[in-house]
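Chemist: Structure below; questions to follow.
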Amino acid sequence: MYQRLPVWANKVGPFSNPSETYPYYDLPYCQPNNTEFMPQDIGQVLRGDRFVSTGFDIEYQKTQKNRMLCQQDLDSDDMDNFRSAIDQDYYFELVVDDMPLLGFVGEKEALEGPDGSVARDQYFVFTHLDFEFHYDVYNQIVDANVTADPRYRQEIISRSGPIKVDFSYSVKWKPTDRHHSHRIEKYSMSGFREKHIQVHWISIANSCVLVLMLTGFLGLILLRVLRNDIARTIELDEEEQLMDGAREDDCGWKKISGDVFRLPGNPLVLTALLGMGSQMLVLVLSVIVVSTFGVMYPYARGAMHYIFIVLFTFTAAVAGFVSAYMYRKIGTDQGRKWVWNVVLSGCLFPVPLFVVALLNNAVALQHGTTQALPFMTMMQVFFMWALLCMPFTVIGGVIGRRVSSALDPPCRTSKAPRQVPETTFLRSQPVQLLLAGFLPFSAIHIELHYIFASVWGFKLYTLYSVLLLVFCLLLIVVSFLTVALTYFQLAAEDHRWWWRSFFAGVAPGIFLYGYCFVYYFQRSSMNGLHQASFFFGYMAIASYAFAAMLGAVSFFSSFTFISYIYRAIKSD
């Protein structure tokens, strides 16, 4: 008695548009009488999977040859559907034993006329599939493939009368020495050629060496300058300072000691953004660490979506804690404004995400794709945010406010703000933000290509150890670079560092979104309203979260640096 192996159909769609997927039976394939749907978790639904049963009758280790699947009557509408699918290079996806099997719907050939010119295009739909399975000594399926046999194809001619098409399949089983743990390797980034992987590692190593050298030189120069500044300040005679006031040879950042801790404008918004950015930092780091150490099985469908939702729920407390903690420290904290501060920190990311998701869902519904989320799934996500994330945010906010206290600056703040002198072009804010965005982006742009190829392609990203290295490198670069830019700003006697230090971290997020346009138009074949809506919409949200995350890193780096140098000179 052979054991039956279920074959599930998932979706069809243009190969160049991975987000534009349609139900499998939108094309006139052989559909069983009793169609069954596989139960799916929320992660699978969010990624657009819709598993439905098929008529393939495959049994374990049973070889089959030219077995009839069905005889399908194709009318003019069905033929037009197939012609349109072949024109757009449609693929189909079947799933056997949790392994995806991809194949093309058909092919198009140019028919030449007597003079050698193209007379018309011929459309052929593949009608026969060859399944090939490999199993190990423990009778576990290690590999699975499906190919369309070019000898069996039916020409699709645009005409009114129906045609009969025979769909069939064959099954082969072969033993293999490969281990079961490597069964999904060909779908992952490690499935690339060895030479390609070596180029990847060499590029990452070059980026690491370059960025670390630049950061090291910058740190050494900055440390030496600071030591000289502090030593010169300490050597000043205390009585002479009281008599003569600030000396002409005082460094610029020493002269603005009475203004550097002047509270920023819109502290409620700034601290809420810091809370959101801190949550994104903990969330991203947690996802990478969980994936790196194998806590999450990376090949499970929808696993990344599921783990993101779970970790986002629990890290919501970080957003509330940081926002309330910093608002009490640098804000007025009058009345119940801290409550609105906590609520704002919990809404800054989910609300824009919901807006983009609703717009994309409307586009998906209009096109009839599987990316359109069911109403119950949308309600499930909404109530998870309203009933779990927001309470965690409020709890974190209450704790953060209780453990925080008002800012105790090492320098006494003057009553009137000091006038900021005019700066040179190289020290202007646009130039500094350009530098703050370019150097961190140069540290990650190589890895971004592989991430984009995975998220907006058909490869599974599994190089999480590399990603962890690049992510740590990115944080170091952003931190060191922001400290240096902040020092140069203070040396120019510009005390408005609060928001500018945050925007220094936002700059790489702007570069990231700019890279999206380069990738979409130059490095991919994506096209159409549906794919553009999903790509630019969700990448805008990702870039926004990336900018807030690095903005929080850059702000706290500058805040720590400034507190240290002014405590060192004991200005007051």
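The values are calculated or read from the model by the stated rules, or taken from the named source; none is laboratory data. Computed from a predicted structure; not experimentally measured. Don't worry about glycine lacking a Cβ; one is built from the backbone with ideal geometry, like all the others, and counts go over all protein chains shown. Surface accessibility is based on the protein's heavy atoms, side chains included, excluding ligands, DNA and RNA. Shrake-Rupley method; radii C 1.70, N 1.55, O 1.52, S 1.80 Å.
Chemist: Any residue in the stretch 279-296 that's closer than 17 Å to Ala552 by Cβ: show its pairings with residues that are surrounded by 21 or more Cβ atoms within 10 Å (Cβ to Cβ) and among the hydroxyl-bearing types (Ser, Thr, Tyr) at Cβ separation under 6 Å, as long as the two are six or more apart or on different chains.
Modeler: Gln279/Thr315; Val282/Thr315; Leu283/Thr315
Chemist: OK, next. Given the conditions (1) modelled with pLDDT of 95 or more; (2) surrounded by fewer than 22 Cβ atoms within 10 Å (Cβ to Cβ); (3) within 23 Å of Phe15 (Cα to Cα), which single one is not true for Phe534?
Modeler: Looking at each condition in turn, Phe534 falls short on (2).
Chemist: Same structure again: Within the bounds of the stretch 59-77, is there any residue that is among the polar types (S, T, N, Q), outside any loop (DSSP other than H, G, I, E, B) and within 37 Å of the chain's Cα centre (by Cα)?
Modeler: Taking every residue of the stretch 59-77 in turn, none turns out to be among the polar types (S, T, N, Q), outside any loop (DSSP other than H, G, I, E, B) and within 37 Å of the chain's Cα centre (by Cα).
Chemist: Could I ask something else about it? Taking interchain pairs and intrachain pairs at least six residues apart, which have beta carbon atoms under 8 angstrom, with the first residue in the stretch 519-537 and at negative phi and in a loop (DSSP other than H, G, I, E, B) and the second open to solvent by less than 30 Å² (accessible area, probe 1.4 Å) and of a type in the set (Ser, Thr, Tyr)?
Modeler: Hits for this filter: Met526/Tyr520.
Chemist: Please work out if Pro352 is surrounded by fewer than 19 Cβ atoms within 10 Å (Cβ to Cβ), touching a residue at least 40 places away in the same chain (Cβ under 8 Å) and either closer than 22 Å to Gln44 by Cβ or over 20 Å from the mean Cα position of the chain (by Cα) (or both).
Modeler: No; evaluated as a whole, the condition is false for this residue.
Chemist: Could you list, in sequence order, all residues of the stretch 27-79 that are crowded, with 16+ Cβ neighbours inside 10 Å and at positive phi?
Modeler: Gly48
Chemist: Across the stretch 59-77, what is the number of residues that are among the aliphatic types (A, V, I, L, M) and in contact with a Lys or Arg (Cβ under 9 Å, 6 or more places away or on another chain)?
Modeler: The total comes to 1.
Chemist: Okay, next question. Take Ala507 and decide whether it is in a helix (DSSP H, G or I), buried (at least 21 other Cβ atoms within 10 Å of the Cβ) and not β-branched (Val, Ile, Thr).
Modeler: Taking the combined requirement at face value, the residue satisfies it.
Chemist: Also, quick follow-up: Do we have Tyr520 as modelled with pLDDT of 90 or more and of a type in the set (Ser, Thr, Tyr) here?
Modeler: yes
Chemist: So, one more: Go through the stretch 408-464 residue by residue and tally those that are without any contact (Cβ under 8 Å) to a residue 40 or more places away in the chain, open to solvent by 80 Å² or more (accessible area, probe 1.4 Å) and part of a helix (DSSP H, G or I).
Modeler: 4
Chemist: Among the candidates Ser428, Ser465, Ser454, Ser442, single out the residue that is closer than 30 Å to Pro264 by Cα and of a type outside the set (Phe, Trp, Tyr).
Modeler: Ser428
Chemist: Here is a follow-up. Would a scan of the stretch 5-12 turn up a residue that is in contact with a Lys or Arg (Cβ under 7 Å, 6 or more places away or on another chain) and open to solvent by less than 60 Å² (accessible area, probe 1.4 Å)?
Modeler: Looking for residues that are in contact with a Lys or Arg (Cβ under 7 Å, 6 or more places away or on another chain) and open to solvent by less than 60 Å² (accessible area, probe 1.4 Å), one finds at least one in the stretch 5-12, hence yes.
Chemist: Go through the stretch 322-349 and count every residue that is open to solvent by less than 70 Å² (accessible area, probe 1.4 Å), out of contact with any Pro (no Cβ under 6 Å at 6 or more places or on another chain) and not in a helix (DSSP H, G or I).
Modeler: Number of matching residues: 4.
Chemist: Could you run through the stretch 79-98 and say how many residues are part of a strand (DSSP E or B) and among the charged types (D, E, K, R)?
Modeler: 1
Chemist: For the stretch 355-396, which positions are in a loop (DSSP other than H, G, I, E, B) and either open to solvent by 50 Å² or more (accessible area, probe 1.4 Å) or free of Cβ contacts under 8 Å to residues at least 12 places away in the same chain (or both)?
Modeler: Within the stretch 355-396, Ala372, Pro374 meet the criteria.
Chemist: Report yes if some residue within the stretch 387-408 is in contact with a Leu (Cβ under 7 Å, 6 or more places away or on another chain) and either under 22 Å from Val269 (Cβ atoms) or of a type in the set (Lys, Arg) (or both); otherwise report no.
Modeler: No, the stretch 387-408 has no match at all.
Chemist: Please give the number of the condition Thr370 fails out of (1) of a type in the set (Val, Ile, Thr); (2) more than 30 Å from Tyr520 (Cβ to Cβ); (3) modelled with pLDDT of 90 or more.
Modeler: (2)
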